[in-house]
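Below is a structure I'd like to ask you about.
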Amino acid sequence: MDRPIQKFQTRLYAAIKDHFCFEDGDYESYGRVYRNQAQDGYIPEAYNTKGEYKEVLLDDTNKLQSFFGIGERSQTEATTQVTPVHLVFHADLCKIYSAEDIPHRPDEELRTTLLNIIRHKMGNGFKLLNMETGIDNVFREYNGTRIKSGMKYRDMHPLHCFRFNFELTHHPEDDDCN
């Protein structure tokens, strides 16, 4: 399932960067991340080519950040596998939109824009199911995003987090999944 996710992520990254005229470093986009155990629970971590894991929670130096996660249970029929996939976004709304252009919290504008880009860039095998907001919903698989003394990240202006949920139907033995 990494191949279709990676292809989707590559198309999505280019389209988002182009739409918002982002410079290098404005948008950090990760493919599939892992749900790894940490001291306070599970956290999303990306595996790099050096054999190391990097936590992919909010990085406030970026305007936008995203990562793909997968469910822990897939349905299998003959040669087809259906896997739940989620795409999480973290944004600094003030770094993306000007207060002069949009005087209110532009969370709905960002979600609508990204939804339209996703609909045009998602690959074969992806079926968009829904979109979720609320930090508990967005990070339900990653309970380590909370610590005993509070939250590491809050969905309060100017920060915003949300996710899109998909089903990915793929053929694991295919070399060209998408």
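Every read-out reported here was derived from the displayed coordinates using simple, explicitly stated rules and does not represent laboratory data. Note that this is a predicted model, so its numbers are computed, not measured. So basically every Cβ, Gly included, is an ideal-geometry build from the backbone, and we count neighbours across all protein chains shown.
Which of 108, 141 comes first, and how do the rest follow, when ranked by fewest Cβ neighbours within 10 Å?
On the way: 108 12, 141 19.
Taking fewest neighbouring Cβ atoms as first place, the list is 108, 141.
Something else about it: What nm value, rounded to one decimal, do you get for the distance between residue 53 and residue 10 when each label is placed 7 Å out toward the C-beta?
2.7 nm
Per the Kirkwood treatment, what hydrodynamic radius in Å, one decimal, follows for the chain from the mean inverse distance over all distinct Cα pairs?
Numbers: mean 1/r = 0.0588 Å⁻¹.
Kirkwood radius, the chain: 17.0 Å.
Mind checking which of 86, 160, 19 has the largest fluctuation in a GNM of the chain, springs on alpha carbons under 10 Å?
19
Same structure, new question: Summing -39500 (n - 2.57) over the DSSP H runs of n ≥ 4 in the chain and dividing by its residue number, what mean residue ellipticity at 222 nm do you reach, to the nearest 500 deg cm²/dmol? Walk me through the intermediate numbers first.
Numbers: 4 runs with 42 residues, N = 178.
About -7000 deg cm²/dmol.
Another question, then. For the residues 87, 57, what sequence is obtained by ranking on other C-beta atoms within 10 Å, fewest first? Don't skip to the answer; put the middle values down first.
Values: 87 24, 57 18.
Arranged by neighbour count, lowest to highest, 87, 57 become 57, 87.
I've got another one for you. So for the chain, averaging the separation of alpha carbon pairs under 8 Å that are six or more residues apart and normalising by length, what relative contact order in percent results? Please list the in-between numbers first.
On the way: 312 pairs, mean separation 49.8, N = 178.
The value is 28 percent.
So between residue 171 and residue 129, what do we pick up on full extension, going 0.36 nm a residue minus the alpha carbon distance?
Working: separation 42, 0.36 × 42 = 15.12 nm, distance 1.99 nm.
Taking 0.36 nm per residue and subtracting the Cα distance, the gain is 13.1 nm.
Given the options 96, 138, 15, identify the residue whose Cα lies farthest towards the positive end of the charge dipole of segment 2-154 (+1 on Cβ of Lys, Arg; -1 on Cβ of Asp, Glu).
The Cα lying farthest towards the positive end belongs to 138.
Can you give the convex hull volume of the alpha carbon atoms of segment 70-131 per residue, in Å³? Walk me through the numbers before you get to the answer.
On the way: hull volume 6.0 nm³, N = 62.
Hull volume normalised by residue count: 96 Å³.
State the number of lysine pairs found in segment 2-154 whose Cα atoms come within less than 17 Å, restricting to pairs 8 or more positions apart or on distinct chains.
Values: 7/17; 7/121; 7/127; 17/63; 17/95; 17/121; 54/152; 63/95.
Taking segment 2-154 as the scope, the lysine pair count is 8.
Can you give me the distance in nm between label points at residue 101 and residue 78, each placed 7 Å from the Cα along the Cα-to-Cβ direction?
A separation of 4.9 nm, rounded to one decimal place.
What spacing in nm lies between the two simple spin-label points modelled at residue 94 and residue 115, each 7 Å away from Cα in the Cβ direction?
According to this spin-label approximation, the distance is 2.7 nm.
Only four residue types carry charge here, +1 at the Cβ of Lys and Arg and -1 at the Cβ of Asp and Glu. Report the dipole size of the chain about the Cα centre in Debye, rounded to the nearest 20.
Values: 22 positive and 29 negative charges, 61 e Å.
Using Cβ point charges on Lys, Arg, Asp and Glu, the chain gives about 300 debye.
Right, another one. Using only the alpha-carbon atoms, how far is helix 107-121 inclined from the longest principal axis of the chain? Give it as 0 to 90 degrees, nearest 10.
30 degrees
Using only alpha carbon positions, build the gyration tensor of segment 20-67, then give the equivalent ellipsoid semi-axes as the square roots of 5 times its eigenvalues, largest first, whole angstrom. Intermediate values should be presented prior to the final figure.
Values: eigenvalues 100, 31, 14 Å².
For segment 20-67, the ellipsoid semi-axes come out as 22, 12, 8 Å.
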